[in-house]
Amino acid sequence: MKHFAKELWFEVPTRRAFVNITSQVEGCLAESNIQNGLLLCNAMHITASVFINDNESGLHQDYEVWLEKLAPHAPVSQYKHNGYEDNADAHLKRQVMGREVVIAVTDGNLHFGTWEQIFYGEFDGRRKKRVLVKIIGE
Amino acid sequence: MKHFAKELWFEVPTRRAFVNITSQVEGCLAESNIQNGLLLCNAMHITASVFINDNESGLHQDYEVWLEKLAPHAPVSQYKHNGYEDNADAHLKRQVMGREVVIAVTDGNLHFGTWEQIFYGEFDGRRKKRVLVKIIGE
Amino acid sequence: MKHFAKELWFEVPTRRAFVNITSQVEGCLAESNIQNGLLLCNAMHITASVFINDNESGLHQDYEVWLEKLAPHAPVSQYKHNGYEDNADAHLKRQVMGREVVIAVTDGNLHFGTWEQIFYGEFDGRRKKRVLVKIIGE
């Protein structure tokens, strides 16, 4: 069994954004030289997500509006977590979008459907944060 | 290390439905001949889910009503994604229910609690779509 | 390839609670003697979650309020699942918070960011329930 781990760094200049990281994850897979196995990709921070969906900017705006409706940022005083911080909503939004994805690796490729793309979902940006890619297989 | 991959096809005649796929996933496990490892089961489409919950029709009706409240289909014009399409809500519902499940394989069986069953959640059906089963182990 | 499985038992005295299980999961990893691989930790019950977030009591109160807003317990008659049971809301809340987490194991440790902690999320407690830890690797 082979194993591979790499941390990817992101610094999003806004509070919230969706970043397509598919090609970076594919780069990790190529580097690992693993042909068949499982690939885990997860946010290493608890106010961010890694998820798989469509690379379509209209949809990303829909996610932004929808998440803000489900877990509004303001007023920040509505959350007990917001004593010294103002990011409670980011911890909630991250649960809706998820921490991680697990992806099949088959014959050296991400075993994806036609429209599957991997996104880093940032909900409390403006600082350096990490995503982990771990691959096991052979 | 052994590895196994199989794509299962579904064509749901309605826009939305929940389909119990537990026996098909168990069939994949038997076919793989893997005794101990991890099994990934994921939707290969971004308007569908694979999730684990109860095989109870009342609950499935509750999910339908609840998801329609959290992310309503109509009016379709409320979503920027709905230019040529009308399925933005399906991309949102799928995030609540999840893309994938990872299941332990122990002594040749899905290592499940009493009531755990695997479902394909369709949110934009009436066409052929795929679910992937990937298993690694020994 | 090595593999390891252990079931952890919990009995939460209230209907809902969040329990930090990080040290128990780390105990499983030490016991497995696996240095590099993947660790799956999942609820074996369909009215409970395993998730990763912050070990901060204010946030946990925010989750409680937020989940009760997204999927209220009462009136129990609003859910078709609640014929003989009263826990339909628990099946909904568990979907928001998730069934499972998959964690990278690197050099004998959970490969975590600074603030990542593992929680058992109970939404229908007052009885014994199980969490599974499965690890594969070498």
Review point. Listed residues A:Val131, A:Val101; which is more than 8 Å from chain B (Cβ to nearest Cβ), of a type in the set (A, V, I, L, M, F, W, C) and within 17 Å of the chain's Cα centre (by Cα)?
Key: A:Val131
Check your understanding: Looking at (1) more than 8 Å from every other protein chain (Cβ to nearest Cβ); (2) part of a helix (DSSP H, G or I); (3) open to solvent by less than 10 Å² (accessible area, probe 1.4 Å), which is the only condition A:Val65 fails?
Key -> (3)
Review point. Any chance region B:11-23 includes a residue that's in contact with a strand residue (DSSP E or B) (Cβ under 7 Å, 6 or more places away or on another chain) and among the aromatic types (Phe, Trp, Tyr)?
Key: yes
Revision key, fill the gap. Considering residues that are assigned to a loop (DSSP other than H, G, I, E, B) and among the hydrophobic types (A, V, I, L, M, F, W, C), the number found within region C:20-62 is 4
Review point. So how many residues does region A:113-138 have that are over 12 Å from A:Ile34 (Cβ atoms) and either touching a residue at least 60 places away in the same chain (Cβ under 8 Å) or in contact with a helix residue (DSSP H, G or I) (Cβ under 8 Å, 6 or more places away or on another chain) (or both)?
Key: 18
**Study point:** Residue check for C:Ala90: more than 11 Å from the chain's Cα centre (by Cα) and not in a helix (DSSP H, G or I)
**Key:** no
Check your understanding: From the list B:Ser77, B:Ser57, B:Ser49, B:Ser32, which residue is within 18 Å of A:Val102 (Cβ to Cβ), surrounded by fewer than 24 Cβ atoms within 10 Å (Cβ to Cβ) and hydroxyl-bearing (Ser, Thr, Tyr)?
Key -> B:Ser32
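Scan B:Asn42, B:Asn82, B:Asn109 and give me the residue that is surrounded by fewer than 23 Cβ atoms within 10 Å (Cβ to Cβ) and touching a residue at least 24 places away in the same chain (Cβ under 8 Å).
The unique qualifying residue is B:Asn109.
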Practice item. Looking only at region C:17-25, decide whether some residue is at the interface with another protein chain (Cβ under 9 Å from one of its Cβ atoms) and of a type in the set (A, V, I, L, M, F, W, C). Key: no
Point to revise | Single match in A:Gly121, A:Gly58 (criterion: out of contact with any Leu (no Cβ under 7 Å at 6 or more places or on another chain), at pLDDT 95 or above and more than 7 Å from every other protein chain (Cβ to nearest Cβ)) | key: A:Gly121
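The values are calculated or read from the model by the stated rules, or taken from the named source; none is laboratory data. Predicted model only: the values in this text are computed from it and were never measured. Using ideal geometry, Cβ is built from the backbone for each residue, glycine included, and neighbour counts are taken over all protein chains shown. We work out accessible area using only protein heavy atoms, side chains counted, and drop any ligands, DNA or RNA first. Shrake-Rupley method; radii C 1.70, N 1.55, O 1.52, S 1.80 Å.
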